[in-house]
Amino acid sequence: MGKAIEAIDLDIYYGSFLAVQGVNMTIRPKTVTALIGPSGCGKSTYLRSINRMHEVIPGARVEGSIELDGTDLYGAGVDPVGVRRQIGMVFQRPNPFPTMSIYDNVIAGQRLNNKRMRKDATDDLVERSLRGANLWNEVKDRLEKPGSGLSGGQQQRLCIARAIAVQPDVLLMDEPCSALDPISTLAIEDLINELKMDYTIVIVTHNMQQAARVSDYTGFFNIEGTGKPGKLVEMDETKKIFSQPTQKATEDYVSGRFG
Amino acid sequence: MSTDTSPGPAPAKAPAPPSTRPVVQPGDRIFAGSATGAGILILVVLAGVAAFLLIEAAPAFVAPAADIPGGNGIVAYIWPLVFGTLLAAVIALLIATPLAVCVALFITHFAPRRIAQPLGYLIDLLAAVPSIVYGLWGVAVLAPASVELMTWLQDYLGWIPLFAGPVSATGRTMLVVGVTLAVMILPIITAVSREVFLQTPKLHEEAALALGATRWEMIKMAVLPFGRSGIISGAMLGLGRALGETMAVAIILSVSGAVTFNLISSGNPSTIAANIALQFPESTGIEVNTLIASGLVLFLITLAVNSLARFIINRRREFSGAN
């Protein structure tokens with residue numbers, strides 16, 4: 001668990017529109033990498049291209065490659081379904097399956113793998129995943145209740161439990177706290193700190209304090225104007241990006257003098 | 001709270017005390033009134049129909065058994081009709097529901113957009129075809145064409161009571177009626193299912209895909225559970241139409257009044273609606289009351305079916321995603 005990601009000359013298109021251009025990025029295993037930048041700069045698009053989720057939108061495609069520990073995720077014969085089983089994702093808004101109980105939500109991914117599991121092994125997996133997401137104590141007495149009955153922060157942690165239950169190598173988070181209150185945000189940030197012991201984490205965030213708090217490395221994306229492609233301006237250790245970035249644009253953005 | 005404690009009468013020129021009634025705009029009042037009126041009207045109509053059925057059917061329930069057509073009493077008269085009605089509707093539903101769900105899924109999740117849209121319109125168009133046209137198609141095309149298939153069914157699956165035979169030479173059988181009704185109710189079930197499938201939150205579809213679900217697994221995880229109540233509602237609408245269908249059944253089915261599960265022979269029970277249509281012009285006195293009594297039974301069956309559907313939908317409301 002916890003693999004390295006390497007993007008090489010990555011261009012991402014929606015139809016004929018070039019959304020993100022020329023990304024070269026190395027993400028080290030078992031670290032937290034934050035992607036920051038203004039809205040529309042392509043950081044979410046880039047994140048979604050790492051587990052090939054952006055392909056869900058008709059016409060979306062990439063050129064270049066993304067390698068997971070040396071294996072090209074866009075190589076010939078690579079099944080995007082297999083990629084997504086290795087690289088988990090947590091979305092902006094909590095999205096537990098409303099028709100499933102908390103218990104079933106956690107093992108939803110495991111069920112897909114068609115592994116027949118004994119009841120006690122499943123129970124064990126559910127407990128381990130929920131403990132891993134710091135949610136166990138809050139829900140252990142109501143595992144059979146619907147996941148949509150939880151609070152927003154709890155739902156988001158349930159989604160994290162669901163993502164880690166399939167034991168992925170990488171966890172992608174697309175603004176996981178943007179719909180949450182500060183207390184729930186803190187709970188998720190604490191959780192991210194614990195999860196990086198086992199997983200490589202990439203997180204998109206609009207909150208620069210959050211990027212500074214949780215990440216080891218930070219990548220700054222920017223866009224020159226509407227209709228132009230987003231680009232990775234600079235990537236370095238988080239404290240370097242926030243104290244002495246090499247690019248003027250990065251300094252303007254992190255110091256709030258953007259625009 | 002207030003310090004205004006002055007006793008005694010208010011000064012003579014004081015404005016009238018503010019009314020405790022909330023301010024209501026005339027537009028609001030008109031709209032509320034007309035909406036309430038429409039709601040009451042539908043209840044009055046329903047009550048009127050029920051009262052008519054009860055009053056007109058009553059003589060048939062109290063009449064001596066020998067006076068009822070057939071001579072064996074009201075139960076013996078209506079029972080084969082109830083059986084035929086349910087049998088035809090259930091066959092139609094069993095064929096149409098899975099097919100409609102598949103068509104709806106194809107339109108919403110598999111077809112390219114430029115095919116999906118015209119196909120959707122086409123399905124809606126099918127729903128507008130009058131049932132007499134389906135009936136004519138059933139008797140003129142489907143019935144003769146199905147004789148060969150039914151012979152095959154009898155030869156190879158004859159050990160199943162459904163296909164015991166002997167095969168009807170004209171093909172005017174319960175099976176053909178069921179298939180015709182299925183075609184008739186297919187559009188309505190498809191249209192309702194398609195609407196709900198389209199409303200599946202993108203968020204949940206992406207959640208399933210991000211877990212490594214294939215397209216079919218995503219549909220099983222996110223789309224079908226979300227659309228479940230919609231599928232049931234659509235099926236119930238279709239069932240309602242199949243139960244009440246009159247002309248198509250009256251034209252196609254060759255009737256003997258036998259209560260049998262044998263779907264491919266020429267001896268079939270009629271259905272309530274078709275029986276009323278065929279018998280009513282030549283009925284007088286107690287015969288009319290008997291027909292209306294059968295109509296009352298149909299009314300109750302439809303009511304029961306709808307309540308059952310409502311119950312099924314509500315049972316798992318907590319998990320519906322509506323909260």
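The values are calculated or read from the model by the stated rules, or taken from the named source; none is laboratory data. In this text, all values refer to a predicted model and were calculated from it rather than measured experimentally. Every residue, glycine among them, receives a Cβ derived from its backbone with ideal geometry; neighbour counts consider all protein chains shown.
So residue A:67 ticks every box in (1) among the acidic types (Asp, Glu); (2) closer than 30 Å to residue A:15 by Cβ; (3) over 18 Å from the mean Cα position of the chain (by Cα) but one. Which box is left unticked?
Failed condition: (3).
What are the residues in region B:228-242 that are basic (Lys, Arg) and more than 9 Å from every other protein chain (Cβ to nearest Cβ), if any? Before you say what the answer is, go through the steps one by one.
Just the residues of region B:228-242 that are basic (Lys, Arg), to begin with: B:228, B:241.
Answer for region B:228-242, where residues must be basic (Lys, Arg) and more than 9 Å from every other protein chain (Cβ to nearest Cβ): just B:241.
For region A:154-204, which residues satisfy the criterion of being small (Gly, Ala, Ser) and under 22 Å from residue A:221 (Cβ atoms)?
Initially, region A:154-204 is screened for residues small (Gly, Ala, Ser), giving A:161, A:163, A:165, A:178-179, A:184, A:187.
Scanning region A:154-204 gives A:178, A:179.
Taking into account only those residues within region A:25-67 that are within 14 Å of another protein chain (Cβ to nearest Cβ), more than 18 Å from residue A:217 (Cα to Cα) and hydrophobic (A, V, I, L, M, F, W, C), which is surrounded by the fewest Cβ atoms within 10 Å (Cβ to Cβ)?
Checked region A:25-67; the qualifying residue surrounded by the fewest Cβ atoms within 10 Å (Cβ to Cβ) is A:57.
Looking at (1) assigned to a loop (DSSP other than H, G, I, E, B); (2) touching a helix residue (DSSP H, G or I) at 6+ places or on another chain (Cβ under 8 Å); (3) more than 14 Å from chain A (Cβ to nearest Cβ), can you tell me which one residue B:182 breaks?
Failing condition for residue B:182: (1).
Anything in region B:155-165 that is surrounded by 14 or more Cβ atoms within 10 Å (Cβ to Cβ) and either part of a loop (DSSP other than H, G, I, E, B) or modelled with pLDDT of 85 or more (or both)? List them, or say none. Give the derivation first.
Filtering region B:155-165 for residues surrounded by 14 or more Cβ atoms within 10 Å (Cβ to Cβ) gives B:158, B:162-165.
Within region B:155-165, B:158, B:164, B:165 meet the criteria.
Restricting to region B:247-282, name every residue that is surrounded by fewer than 21 Cβ atoms within 10 Å (Cβ to Cβ), among the hydroxyl-bearing types (Ser, Thr, Tyr) and either in contact with a strand residue (DSSP E or B) (Cβ under 8 Å, 6 or more places away or on another chain) or modelled with pLDDT of 85 or more (or both).
Once the filter is applied, which keeps residues that are surrounded by fewer than 21 Cβ atoms within 10 Å (Cβ to Cβ), among the hydroxyl-bearing types (Ser, Thr, Tyr) and either in contact with a strand residue (DSSP E or B) (Cβ under 8 Å, 6 or more places away or on another chain) or modelled with pLDDT of 85 or more (or both), region B:247-282 yields B:254, B:256, B:260.
So how many residues does region B:94-123 have that are out of contact with any Gly (no Cβ under 9 Å at 6 or more places or on another chain) and within 15 Å of residue B:182 (Cα to Cα)?
Of the residues in region B:94-123, 5 are out of contact with any Gly (no Cβ under 9 Å at 6 or more places or on another chain) and within 15 Å of residue B:182 (Cα to Cα).
Does residue B:222 fit the bill of being under 20 Å from residue B:107 (Cβ atoms) and buried (at least 18 other Cβ atoms within 10 Å of the Cβ)? Break it down stepwise before answering.
Working: under 20 Å from residue B:107 (Cβ atoms): yes; buried (at least 18 other Cβ atoms within 10 Å of the Cβ): yes.
Yes, satisfied.
So which helices (runs of 4 or more DSSP H) stay within region B:204-315 end to end and still have 3 or more residues that are of a type in the set (D, E, K, R)?
On the way: elements: B:215-218, B:224-244, B:247-252, B:272-279, B:286-315.
By residue number, B:286-315.
Which residue, of B:69, B:59, B:80, is closer than 14 Å to residue B:294 by Cα and not in a helix (DSSP H, G or I)? It would help to see each step written out before you state the result.
Numbers: B:59 fails: not in a helix (DSSP H, G or I); B:80 fails: not in a helix (DSSP H, G or I).
B:69 is the lone residue from the list that is closer than 14 Å to residue B:294 by Cα and not in a helix (DSSP H, G or I).
Go over the candidates A:211, A:163 one by one and state the one that is in contact with a strand residue (DSSP E or B) (Cβ under 9 Å, 6 or more places away or on another chain), under 24 Å from residue A:242 (Cα atoms) and in contact (Cβ under 8 Å) with a residue 24 or more places away in the chain. If you could, list the steps in order and put the result at the bottom.
Numbers: A:163 fails: under 24 Å from residue A:242 (Cα atoms).
One residue alone meets the criteria, A:211.
Select the helices (runs of 4 or more DSSP H) contained entirely in region A:97-183, then report the ones holding at least 2 residues which are more than 14 Å from chain B (Cβ to nearest Cβ) and basic (Lys, Arg).
Working: elements: A:102-106, A:108-112, A:119-132, A:136-139, A:152-165.
Here the list reads A:119-132.
Could you figure out which of (1) modelled with pLDDT of 90 or more; (2) over 24 Å from residue B:228 (Cα atoms) isn't true of residue B:130?
(1)
Out of all the residues in region A:68-96, which are within 13 Å of chain B (Cβ to nearest Cβ), surrounded by fewer than 17 Cβ atoms within 10 Å (Cβ to Cβ), small (Gly, Ala, Ser) and not in a helix (DSSP H, G or I)?
none
Is there a residue being modelled with pLDDT of 90 or more and closer than 25 Å to residue A:53 by Cα anywhere in region A:237-248?
No, the conditions are met nowhere in region A:237-248.
Residue-by-condition table, conditions (1) at the interface with chain A (Cβ under 10 Å from one of its Cβ atoms); (2) in contact with a Lys or Arg (Cβ under 8 Å, 6 or more places away or on another chain); (3) within 30 Å of residue B:148 (Cβ to Cβ):
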{"residue": "B:169", "(1), (2), (3)": "no, no, yes"}
{"residue": "B:176", "(1), (2), (3)": "no, no, yes"}
{"residue": "B:186", "(1), (2), (3)": "no, no, yes"}
{"residue": "B:200", "(1), (2), (3)": "no, no, no"}
{"residue": "B:204", "(1), (2), (3)": "yes, no, no"}
{"residue": "B:217", "(1), (2), (3)": "yes, no, no"}
{"residue": "B:221", "(1), (2), (3)": "yes, no, no"}
{"residue": "B:226", "(1), (2), (3)": "yes, no, no"}
